[in-house]
Amino acid sequence: MSMPFYASAEQIMRDRSEFARKGIARGRGVVVVTYADGVLFVAENASSALHKVSEIYDRIAFAGVGKYNEYENLRVAGIRLADLRGYSYDRRDVTARALANAYAQTLGTIFTEQQKPYEVEICVAEVGEGPEDDQLYRLSYDGTIVDEPNYLVMGGQVDALTTEVRRTFTPGLQLREALGVAVAALGSVGGTDGQPRSLPASQIEVAVLDRTRVKRRFKRIAGPALTELLPPQHGEPAAEPAPADTPPHDRENGEKPPSQN
Amino acid sequence: MSIERTGGLGGVHGLLGYATSPGSSSFTEFLAAAAPDLLPRGDGGGALVPHGTTIVAATFDGGVAMAGDRRATAGNLIAQRDIEKVFASDDYTLIGIAGAAGLAIEIVRLYQVELEHYEKIEGTQLTLDGKANRLATMIRGNLGQALQGLAVVPLFAGFDADAADAGGAGRIYSFDVAGGRYPEQYYHSVGSGSLFARGALKKLWRTDLDRAGVIRVVVESLYDAADDDSATGGPDLTRGIYPIVMLATAEGTSRVADDELDTVVRAILADRESRPGA
């Protein structure tokens, strides 16, 4: 008779956390900052079809980093939940707080009950009537929920990114300035020899929750409108455009996938 | 179903279920699985429940206009004088409904969520034909209630963003209770007063109508419908109740303001005064 394998709960949780954290760290970052008219999302993402940032409801948006299929599942579930709530009650009864709670419980359940935790970190943001009513929630792979006051940073090299945003962010910035803060922060990591990278419009995904819009406050900013808002290029151009999904586990960051031909 | 525990209204297992089941991009299909008791339904009642009456739609250079009178009737009584029966279903489409008012408004609400839900999940809008087909499916789902006297007959119109010529991009679709979907040319009308409205449209509609022209035409055809159909309400100047007129153009959907309609209605009345036989 074989001896049952024993691992302490502490060890299991630590292993799972480490696994999830490693997965998330291999992707590029997302910066979410509040600005005068709402909330700005900037993701380093070269794909214009596979989004990291998405609309959930009238005043609520979502951003995710990590495994694409996992945060995409959560995004769709969030839209379903929000639409169901709005249809059952009223559009104004759909809140980021309720959605963030549902996400936290879902991620917590997955983390404890399933073999593999979700390798994702997500942000649920709601734009209010005034800047003091804006809400940002950060949800981690284990269901940890944090209510951030002004900005939040997720994804790879999160410590360096957070330090950079903390250094340059001030509340009440205009859109152009806030975008400058977020793009400079994303460009400050990942360059060769610590040099800042320059991120053109084609390598970032930008969206806002703009309180001055009516009904659906979410808007993507892309193409010429984005290029016009971006600060003039500085530093070396980004070498490797970041994909929407993280590379597989058996591949180190930056290693090329096998050639197709 | 207990709303507190399941149905996805915050329940843990609800959201987890939605997150891990692929499902489709249709909100109606999702609702049927997650909370079927929230689907629009009625258990008969025939003529006793309020019914909406006449809706007209007409194309013009640059889009399409839809208008509805404001009356709802229950048998021989006027149930409501200022009901709204024409809605924007999304940025480029309009929906007007005749038939059992309560059920119809529920179907419109569900349809609005359906279009927005698809757009958010897929990141792109349905084509205009896709939207019309989706509506036909929902009307077909209501066939059981229709046979119990709760028929809902929509009129659907929209600006076709895929059209080669923006001037002729206004489209109109009519439906039958069994879910049949019929593209209409130029103009169409549904509801109890539709015979008279269509007769008026036949004489009033022209190919070269502009925005002001089409507003006058749809309001005047509703005036004619109200003239001969007791269930259709005419413009009520004493109470300031005007028909609802909405437009779908390349700029999106918009509702014509009451001030503008007041001018149009007074012009029609002055015109009719000069021709008492009309």
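The values are calculated or read from the model by the stated rules, or taken from the named source; none is laboratory data. Just so we're clear, the structure is a prediction, and the values are computed from it rather than from any experiment. Methodologically, a virtual Cβ is constructed for each residue, glycine included, from the backbone with ideal geometry; neighbour enumeration extends over all protein chains shown.
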Just one listed residue, out of A:Ala43, A:Ala49, A:Ala63, A:Ala36, is touching a Cys at 6+ places or on another chain (Cβ under 8 Å) and either closer than 30 Å to A:Arg176 by Cβ or modelled with pLDDT of 95 or more (or both), and it is A:Ala63
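Can you name the residue in the range A:181-212 that is surrounded by fewer than 17 Cβ atoms within 10 Å (Cβ to Cβ) and farther than 28 Å from B:Lys120 by Cβ and, of all such residues, is modelled with the highest pLDDT?
The first filter runs over the range A:181-212 and keeps only residues surrounded by fewer than 17 Cβ atoms within 10 Å (Cβ to Cβ), leaving A:191-195, A:200, A:202, A:212.
Keeping just the survivors that are farther than 28 Å from B:Lys120 by Cβ gives A:191-195.
Working: A:Gly191: 77, A:Thr192: 76, A:Asp193: 77, A:Gly194: 77, A:Gln195: 83.
Step by step, filter the range A:181-212, then rank; the result is A:Gln195.
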Notebook entry, point to check: Has the range B:129-139 got at least one residue that is within 14 Å of another protein chain (Cβ to nearest Cβ), of a type in the set (A, V, I, L, M) and within 26 Å of B:Arg211 (Cα to Cα)?
Noted result: no
With criteria (1) without any contact (Cβ under 8 Å) to a residue 12 or more places away in the chain; (2) surrounded by 14 or more Cβ atoms within 10 Å (Cβ to Cβ); (3) not polar (S, T, N, Q), B:Gly193 comes up short on (1)
Only one of A:Arg216, A:Arg176, A:Arg167 is without any contact (Cβ under 8 Å) to a residue 12 or more places away in the chain, of a type in the set (Lys, Arg) and not in a strand (DSSP E or B), namely A:Arg167
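Run down A:Ala61, A:Ala77 and say which single residue is crowded, with 24+ Cβ neighbours inside 10 Å, in a strand (DSSP E or B), within 14 Å of another protein chain (Cβ to nearest Cβ) and touching a residue at least 24 places away in the same chain (Cβ under 8 Å). Outline the logic, then answer.
Working: A:Ala77 fails: in a strand (DSSP E or B).
Only one candidate qualifies: A:Ala61.
Would you say B:Arg134 is in the same structural domain as B:Ser230 (by TED's automatic domain parsing) and under 30 Å from A:Lys219 (Cβ atoms)? If you could, list the steps in order and put the result at the bottom.
Working: in the same structural domain as B:Ser230 (by TED's automatic domain parsing): yes; under 30 Å from A:Lys219 (Cβ atoms): yes.
Here the answer is yes, as B:Arg134 does meet what is asked.
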Filter the range B:2-29 for residues that are more than 7 Å from chain A (Cβ to nearest Cβ), surrounded by fewer than 18 Cβ atoms within 10 Å (Cβ to Cβ) and modelled with pLDDT under 60; the one that is farthest from B:Asn142 (Cα to Cα) is B:His13
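Looking only at the range B:143-177, count how many residues are of a type in the set (D, E, K, R) and surrounded by fewer than 19 Cβ atoms within 10 Å (Cβ to Cβ).
As a first pass, look at the range B:143-177 and keep what is of a type in the set (D, E, K, R): B:160, B:162, B:165, B:171, B:176.
From what is left, the residues that are surrounded by fewer than 19 Cβ atoms within 10 Å (Cβ to Cβ) are B:162, B:165, B:176.
The qualifying residues number 3.
Between B:Val64, B:Val56, which is in contact (Cβ under 8 Å) with a residue 24 or more places away in the chain and closer than 21 Å to B:Asp228 by Cα?
Values: B:Val64 fails: closer than 21 Å to B:Asp228 by Cα.
The match here is B:Val56.
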Residues of the range A:130-158 being loosely packed, with under 15 Cβ neighbours inside 10 Å and either part of a loop (DSSP other than H, G, I, E, B) or out of contact with any strand residue (DSSP E or B) (no Cβ under 9 Å at 6 or more places or on another chain) (or both), in sequence order, are A:Gly130, A:Glu132, A:Thr144, A:Pro149
Note on the range A:38-57: residues touching a helix residue (DSSP H, G or I) at 6+ places or on another chain (Cβ under 7 Å), buried (at least 21 other Cβ atoms within 10 Å of the Cβ) and either more than 10 Å from chain B (Cβ to nearest Cβ) or outside any strand (DSSP E or B) (or both) are A:Leu40, A:Val42, A:Glu44
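Looking at B:Glu119, B:Glu114, can you tell me which residue is under 11 Å from B:Ser26 (Cα atoms), in contact with a strand residue (DSSP E or B) (Cβ under 9 Å, 6 or more places away or on another chain) and of a type in the set (D, E, K, R)? If you could, list the steps in order and put the result at the bottom.
Values: B:Glu114 fails: in contact with a strand residue (DSSP E or B) (Cβ under 9 Å, 6 or more places away or on another chain).
The unique qualifying residue is B:Glu119.
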Scanning the range A:160-180 for residues that are within 24 Å of A:Asp245 (Cα to Cα) and aliphatic (A, V, I, L, M), the one surrounded by the fewest Cβ atoms within 10 Å (Cβ to Cβ) turns out to be A:Ala160
Point to revise | Filter pass, B:Ala231 being in the same structural domain as B:Gly75 (by TED's automatic domain parsing), under 18 Å from B:Gln80 (Cα atoms) and either surrounded by fewer than 24 Cβ atoms within 10 Å (Cβ to Cβ) or of a type in the set (Gly, Ala, Ser) (or both) | key: yes
Subject >> Flag for B:Asp208 being at pLDDT below 95 and buried (at least 18 other Cβ atoms within 10 Å of the Cβ) >> reply: no
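Which count do you get for residues in the range A:83-116 that are over 20 Å from A:Ser140 (Cβ atoms), under 19 Å from the mean Cα position of the chain (by Cα) and at the interface with chain B (Cβ under 9 Å from one of its Cβ atoms)?
Pass one, the range A:83-116, residues over 20 Å from A:Ser140 (Cβ atoms): A:83-95.
In the following step, the residues that additionally are under 19 Å from the mean Cα position of the chain (by Cα) were identified as A:95.
Among the residues that remain, those that are also at the interface with chain B (Cβ under 9 Å from one of its Cβ atoms) are: none.
Summing the residues that are over 20 Å from A:Ser140 (Cβ atoms), under 19 Å from the mean Cα position of the chain (by Cα) and at the interface with chain B (Cβ under 9 Å from one of its Cβ atoms) in the range A:83-116 gives 0.
Restricting to strands (runs of 3 or more DSSP E) lying wholly in the range B:30-112: which have 3 or more residues that are under 17 Å from the mean Cα position of the chain (by Cα) and either crowded, with 24+ Cβ neighbours inside 10 Å or within 14 Å of chain A (Cβ to nearest Cβ) (or both)?
On the way: elements: B:55-60, B:63-68, B:72-74, B:77-80, B:86-88, B:93-100.
Here the list reads B:55-60, B:63-68, B:86-88, B:93-100.
Looking for something over 30 Å from A:Met13 (Cβ atoms), out of contact with any Phe, Trp or Tyr (no Cβ under 9 Å at 6 or more places or on another chain) and of a type in the set (Lys, Arg) - is there at least one such residue anywhere in the range A:133-145?
Here is the first cut: in the range A:133-145, the residues over 30 Å from A:Met13 (Cβ atoms) are A:133-134.
So of that shortlist, the ones also out of contact with any Phe, Trp or Tyr (no Cβ under 9 Å at 6 or more places or on another chain) come out as A:133-134.
Still in the list and also of a type in the set (Lys, Arg): none.
Checking the range A:133-145: not a single residue is over 30 Å from A:Met13 (Cβ atoms), out of contact with any Phe, Trp or Tyr (no Cβ under 9 Å at 6 or more places or on another chain) and of a type in the set (Lys, Arg).
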Residue hits (the range B:142-172; part of a helix (DSSP H, G or I) and touching a residue at least 60 places away in the same chain (Cβ under 8 Å)) are B:Gln145, B:Ala166, B:Gly167, B:Gly168
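How many residues does the range B:244-268 contain that are more than 30 Å from B:Asp162 (Cα to Cα) and in contact (Cβ under 8 Å) with a residue 12 or more places away in the chain?
Narrowing the range B:244-268 to residues more than 30 Å from B:Asp162 (Cα to Cα): B:258-268.
Next cut, in contact (Cβ under 8 Å) with a residue 12 or more places away in the chain only: B:258, B:260-262, B:264-268.
Count: 9.
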